[in-house]
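What follows is calculated from the coordinates using simple rules that are stated; it is not laboratory data. Note that this is a predicted model, so its numbers are computed, not measured. Ideal geometry is used to build each Cβ from the backbone, glycine not excepted, and the neighbour counts take in all protein chains shown.
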Ligand SMILES: [Ca+2]
Ligand SMILES: [Ca+2]
């Protein structure tokens, strides 16, 4: 371990390290895609089963369930933007793609759960009020239940959905989180799950192998 002398150039070794890391990344190490900061909650404030109220632009709580006591169903929509390299690796790989979301807390969720949906043919990176009810397929029905521990990440296998969308040429992969049962309990309480968003610590991410 020689001391660094004046004039000694460290750049070549740094370059070597970068080259090594890059080649490792293409040798099958996992890739991580962070959630788009355009993630959003969407609310059905008049109970007709359609979204009509977006959340604030920077939402730090991904609420799923009731936004108010026995009213205002809220769903969390989270897009992920893939670059061409990421899409190519996902398309070529036979390994799983998993969605990771951090469950912050549960509020009166006995008997309740969260179903994760994949928005099919989603256009653009943004979330609109129509994404509340936009066409989607079930990724996992009981992704989160009342027995899921709060304060940690939940992993959901999203391989089939993600590879399907990538296979259609999609570069934005969007998910929607919904509370079950519907309607939620009319129990005089707020029933909901809360997840971290892209604008908070421990944001959602996609992981591929
Ligand atoms: Ca509505
Ligand atoms: Ca309630």
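One table, with the values for the structure above:
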| quantity | calculated |
| --- | --- |
| Computed [θ] at 222 nm, helices only, for the chain once each DSSP H run of length n ≥ 4 contributes -39500 (n - 2.57) | -5000 deg cm²/dmol |
| Cβ crowding within 10 Å averaged over residues, with 69-79, 99-109 ranked highest first | 69-79, 99-109 |
| Rounded to whole Å, sorted largest first: equivalent-ellipsoid semi-axes of segment 37-208, Cα gyration tensor | 26, 17, 14 |
| Radius of gyration and Dmax over the Cα atoms of segment 95-152, both given in Å | 13.5, 37 |
| Binned Cα-Cα distances of segment 29-104, short to long, each 5 Å bin given as a whole percent | 3, 14, 20, 18, 13, 12, 10, 7, 3, 0 |
